[in-house]
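Comments concern the structure below.
The values are calculated or read from the model by the stated rules, or taken from the named source; none is laboratory data. Small disclaimer: the values here were computed from a predicted structure and weren't measured. Note that each Cβ is placed from the backbone with ideal geometry, even for glycine, and that neighbours are counted across all protein chains shown.
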Amino acid sequence: MTGRGPGPRGRALVLSAWLPVALYIVLIFGLSSIHGLQLPGSFPFMDKAAHLMEYSLFGLLVGRAIRFTMTGSSRVAMSVAAISFGSAIGMLDEVYQRFVPGRSSDVFDWLTDVTAITLAVGVTQVVTARPLRRGRRGSAESR
């Protein structure tokens with residue numbers, strides 16, 4: 001029946017796509033809840049490197065989830081949706097940190113998060129747009 005939502009197979013796809021995203025959001029906010037967490041590091045901007053790594057993975061997960069659940073949408077629409085969602089989570093994380101003792105909120109951390117998400121989502125779109133060819137036989141069949 002149409003108009004009644006996804007069937008069991010569709011729900012399983014949504015769950016498998018979005019459960020890793022939800023779990024990663026819990027991890028992000030869990031780490032942000034640690035009072036006075038300071039990253040050990042011997043070089044300047046270590047915190048920005050940590051944000052790049054943390055939100056790059058998040059961007060890959062969000063890009064994957066959006067790609068699997070926004071079927072039929074253009075790559076641009078999927079990219080904008082993924083970047084917007086990821087950026088909103090990054091902003092909420094920074095606002096949340098403002099209320100955690102020993103933590104601070106920094107707009108440059110958020111901009112680093114947005115940059116990481118944007119790059120990761122771009123990767124998900126390039127990988128989707130240009131599948132790897134499998135030997136000569138695969139390229140001959142595509143002609």
For region 27-53, what are the residues that are exposed (fewer than 10 other Cβ atoms within 10 Å of the Cβ) and modelled with pLDDT of 80 or more?
30, 35
Quick one: in region 61-105, of everything that is touching a residue at least 24 places away in the same chain (Cβ under 8 Å) and in a loop (DSSP other than H, G, I, E, B), which residue is surrounded by the fewest Cβ atoms within 10 Å (Cβ to Cβ)?
101
From the list 114, 121, 76, exactly one residue is of a type in the set (A, V, I, L, M) and either in contact with a Lys or Arg (Cβ under 7 Å, 6 or more places away or on another chain) or modelled with pLDDT of 95 or more (or both). Which is it?
114
Scan region 60-95 for residues that are of a type in the set (Ser, Thr, Tyr) and within 16 Å of residue 24 (Cα to Cα) and report the count.
1
Close pairs from region 11-29: first in contact (Cβ under 8 Å) with a residue 40 or more places away in the chain, partner of a type in the set (Ser, Thr, Tyr) and surrounded by 15 or more Cβ atoms within 10 Å (Cβ to Cβ), Cβ under 7 Å, at least 6 apart:
14/69; 17/69; 29/96
Within region 33-40, does at least one residue satisfy the condition of being within 27 Å of residue 127 (Cβ to Cβ) and touching a helix residue (DSSP H, G or I) at 6+ places or on another chain (Cβ under 9 Å)?
no
So residue 108 fits all but one of (1) touching a helix residue (DSSP H, G or I) at 6+ places or on another chain (Cβ under 6 Å); (2) touching a residue at least 24 places away in the same chain (Cβ under 8 Å); (3) not in a loop (DSSP other than H, G, I, E, B); what number is the exception?
(1)
